[in-house]
Amino acid sequence: MSTSLAWDERYAGGGFQFGEAPNLFLLGQAHRLKPGMRALAVGDGEGRNGVWLAEQGLAATSLDWSAVGLEKARALAARRGVALRTVTADATRWDWPVAGFDVIAWIFVHLPLEDRAIACAGAMRALAPGGLLLLEAFTPAQEGRRSGGPKDPSLLWSRALVERHFAGLDVLELLEGTVALDEGPRHQGQAEVVRAVLRRP
């Protein structure tokens, strides 16, 4: 079982574990974003996605349970000259603000079954009407690959899990397949993922 202390240790090194650039799938959704939107990057670690959202003119918040990671996120935001709110909390215990966000970026957030259900329910509550949920996560086809992802298969996502946990949202895109990852030392090479663009009616 992964813990916040384990992630603190991973993030304590000088480099960025997943790079400083935003996730490519998230980058590809830039046309859907408008300045002033309230955005949340879930499990944002060292802040690469939250900082990029802030650079697009969004009111961005990075949520993660690693204080060490978020300290690096604040430093990255300062270097880039943008405002980034950070929240150090466990996504299963955080008081998700009702209708608090217009965009939620759920990028490679892999949780145990019960925790996943709690965090997804929180995200559903926090998504404002018309709001977008942007998700990329590893699927079971990723097992055995060296390009990243959890070793425990129960943490992996699928199209069916996206449909189950986010039932009630309109599906704009929902695809499973192979992508090339180039995200710092931890995500390198061909990977099997699910990608979703969902919208609250």
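Odds and ends about this structure:
- Count of region 123-141 residues, restricted to those that are under 14 Å from the mean Cα position of the chain (by Cα) and in a helix (DSSP H, G or I), is 1.
- L161 surrounded by 20 or more Cβ atoms within 10 Å (Cβ to Cβ) and closer than 25 Å to W94 by Cβ: no
- Any chance V109 is within 28 Å of A59 (Cα to Cα), out of contact with any Cys (no Cβ under 7 Å at 6 or more places or on another chain), surrounded by 21 or more Cβ atoms within 10 Å (Cβ to Cβ) and of a type in the set (V, I, T): yes
- Condition check for W157: touching a Cys at 6+ places or on another chain (Cβ under 9 Å) and modelled with pLDDT of 95 or more: no
- Complete set of residues in region 36-71 that are at negative phi, touching a residue at least 12 places away in the same chain (Cβ under 8 Å) and surrounded by fewer than 21 Cβ atoms within 10 Å (Cβ to Cβ): M37, R38, E55, Q56, A59, A67, V68
- For region 75-86, the set of residues classified as under 15 Å from A41 (Cα atoms) and modelled with pLDDT under 95 consists of L76 only.
- When residues of region 44-77 are limited to those that are part of a loop (DSSP other than H, G, I, E, B) and polar (S, T, N, Q), the one farthest from A30 (Cα to Cα): S66
- Among the residues of region 87-108, those identified as in a loop (DSSP other than H, G, I, E, B) and not aromatic (F, W, Y) are A89, D90, A91, T92, R93, D95, P97, V98, A99, G100.
- L175 satisfies every condition listed in (1) assigned to a loop (DSSP other than H, G, I, E, B); (2) touching a strand residue (DSSP E or B) at 6+ places or on another chain (Cβ under 9 Å); (3) free of Cβ contacts under 8 Å to residues at least 24 places away in the same chain except (1).
- Matching residues, region 19-42, being over 16 Å from E71 (Cβ atoms), modelled with pLDDT under 95 and not polar (S, T, N, Q): G19, A21, P22, L24
- Unmet requirement for A160, which otherwise passes all of (1) more than 26 Å from A21 (Cβ to Cβ); (2) of a type in the set (A, V, I, L, M); (3) in a strand (DSSP E or B): (3)
- Among the residues of region 92-132, those identified as among the small types (G, A, S) and either on the phi > 0 side of the Ramachandran plot or modelled with pLDDT under 95 (or both) are A99, G130.
- Pairs with Cβ under 6 Å, 6+ apart, first in region 87-116 and more than 18 Å from G47 (Cβ to Cβ), second among the acidic types (D, E): T92/D115
- Hey, A91 farther than 16 Å from E20 by Cα and among the aliphatic types (A, V, I, L, M) or not: yes
- E143 vs. criteria at pLDDT below 95, touching a Lys or Arg at 6+ places or on another chain (Cβ under 9 Å) and on the phi < 0 side of the Ramachandran plot: yes
- Region 23-43, subset outside any helix (DSSP H, G or I) and more than 17 Å from D102 (Cβ to Cβ), residue farthest from the chain's Cα centre (by Cα): G28
- Checked against the criterion of being farther than 24 Å from R48 by Cα and among the β-branched types (V, I, T), the candidates V171, V197, V162 yield just one match: V171.
The values are calculated or read from the model by the stated rules, or taken from the named source; none is laboratory data. As the structure is a computational prediction, the values presented were derived from the model and not from experiment. Glycine also receives a Cβ, built like all others from the backbone with ideal geometry; neighbour counts cover every protein chain displayed.
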